[in-house]
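See below for the structure under consideration.
Values quoted throughout were computed directly from the atomic coordinates according to the rules given, and no laboratory measurement underlies them. The structure displayed is predicted, hence computed values, not measured ones. Reconstructed Cβ throughout: ideal geometry from the backbone, glycine too, with neighbour counts over all protein chains shown.
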Amino acid sequence: MQGARLHRLLWIRIGVNTGSIEKDILHKYGGPCAEGLVESALTHARMLEKVGFEDIVLSMKASDVRLTIETYQLAAKQCDYPLHVGVTEAGLPGQGTIKSAIGIGALLAQGIGNTIRVSLTGSPIPEGKAAWDILRALNLRTQGVQLVSCPTCGRTCIDVEGIAARVEQELSDITVPLKVAVMGCVVNGPGEAREADVGMAGGKKGGVIFVKGQEPIMVADNLADELIRVARRIAEEKAKG
Ligand code: SF4
């Protein structure tokens, strides 16, 4: 990634977007485009360079996902300034989160981007959660619970959706990295459950709890309670190191 300078305490972020590109640049390229966004940002960067300031972060956002990706790819080729990545004005949390995950995620997966911002209409709380989820999905942040849960099918024996929601909610205070799997049957569930730090596979009567590296534990009832209890114990052990 760019940005060996980012550890410094004082830096200036230059932010341009498709609505703020200078008229002469817009005219040159015939409208908003990746080249225009990068040229606009670098023009401002050169102004700061001229007065001896080089601790600069560039942000060149568009609401269009493809344009966002193209722009940051181009910027990464043309300069080594740290890049603040995001899809601006992405919309309401449903569609906006998907657009942000695709745009930011595609760039981060290529090693492009040093800081990120999810821009959603409404409360800022879903923005922070979405940003964390994007980083967690790419294994760039591992703190907290990473939930694996199956999509359910005709084999499902338990309330996967309800248990997964409960696990996510009740273990949301855990800060150590912890992979928890909630799988709906003992046919295909054990494979994924075994790969997690702790996982469960639901059966017609009770189910099985898997703790990484240990023998499976048969549980007759209160499967979700047992999963949460074991997950907490493992998290505490991890926290102690
Ligand atoms: S783990 Fe079992 S219940 Fe879940 S989707 Fe796969 S086969 Fe269906």
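So what's the net charge close to residue 210: Lys and Arg +1, Asp and Glu -1, counting the other residues with Cβ under 15 Å from its Cβ? Display every interim value, and only then the final one.
Details: positive: 179, 194, 212, 229, 233; negative: 192, 195, 197, 215, 226.
Summing Lys/Arg as +1 and Asp/Glu as -1 gives 0.
For region 9-64, state which chymotrypsin sites (Phe, Trp or Tyr not before Pro) are in a DSSP loop and have at most 13 other beta carbons lying within 10 Å of their beta carbon. It would help to have the intermediate numbers written out before the result.
On the way: sites: 11, 29, 53; in loops: 11, 53.
When the chymotrypsin sites (Phe, Trp or Tyr not before Pro) of region 9-64 are filtered for loop state and at most 13 Cβ neighbours within 10 Å, 53 remain.
Given an 8 Å cut-off on Cα distances and at least 6 residues of separation, report the relative contact order of region 4-137 as a percent. It would help to have the intermediate numbers written out before the result.
On the way: 214 pairs, mean separation 27.9, N = 134.
This gives 21 percent for region 4-137.
Could you give log10 I(q)/I(0) at q = 0.23 Å⁻¹ for region 1-116, computed by the Debye formula over C-alpha point scatterers of equal weight, without solvent?
-1.29
Can you tell me the dipole magnitude for the chain around its Cα centre, using point charges on the Cβ only (Lys, Arg +1; Asp, Glu -1), in Debye to the nearest 20? Provide the component values of the computation, followed by the final result.
Numbers: 27 positive and 27 negative charges, 44 e Å.
It works out to roughly 220 debye.
Cross-link partners among lysines for residue 99, C-alpha distance below 25 Å, same-chain residues fewer than 8 apart left out?
Candidates past the 8-residue exclusion: 61, 77, 129.
So which residue, out of 117, 229, 66, gets the largest mean-square fluctuation from a GNM of the chain using Cα contacts under 10 Å as springs?
In this elastic network of the chain, the residue with the biggest mean-square fluctuation among 117, 229, 66 is 229.
State whether region 145-240 is rounded, prolate or oblate according to the following rule on the C-alpha gyration tensor (a ≥ b ≥ c being the square roots of its eigenvalues): a/c under 1.5 gives rounded; otherwise a/b larger than b/c gives prolate, and the remaining case gives oblate. Don't jump to the answer; show the numbers that get you there.
Details: a/c = 1.76, a/b = 1.48, b/c = 1.19.
It is prolate, given that a/c is not under 1.5 and a/b is the larger ratio.
Tell me the mean residue ellipticity at 222 nm calculated for the chain from its helices only (DSSP H runs of n ≥ 4, each -39500 (n - 2.57), averaged over every residue, nearest 500). Numbers along the way, then the final one.
Details: 8 runs with 104 residues, N = 241.
After summing the helix terms and dividing by the residues of the chain, the value is -13500 deg cm²/dmol.
Projecting each Cα onto the charge dipole of region 1-107 (Lys/Arg +1, Asp/Glu -1 at the beta carbon, about the Cα centre), which of 56, 33, 97 comes out farthest on the positive side?
97
Tell me, what is the percent relative contact order of the chain, built from C-alpha pairs under 8 Å that lie six or more residues apart?
Values: 434 pairs, mean separation 28.5, N = 241.
The value is 12 percent.
When a/c is below 1.5 the answer is rounded, else prolate if a/b is larger than b/c, else oblate, so apply that to the chain with a ≥ b ≥ c taken from the square roots of the Cα gyration tensor eigenvalues.
Numbers: a/c = 3.43, a/b = 2.39, b/c = 1.44.
It comes out prolate by the Cα gyration axes.
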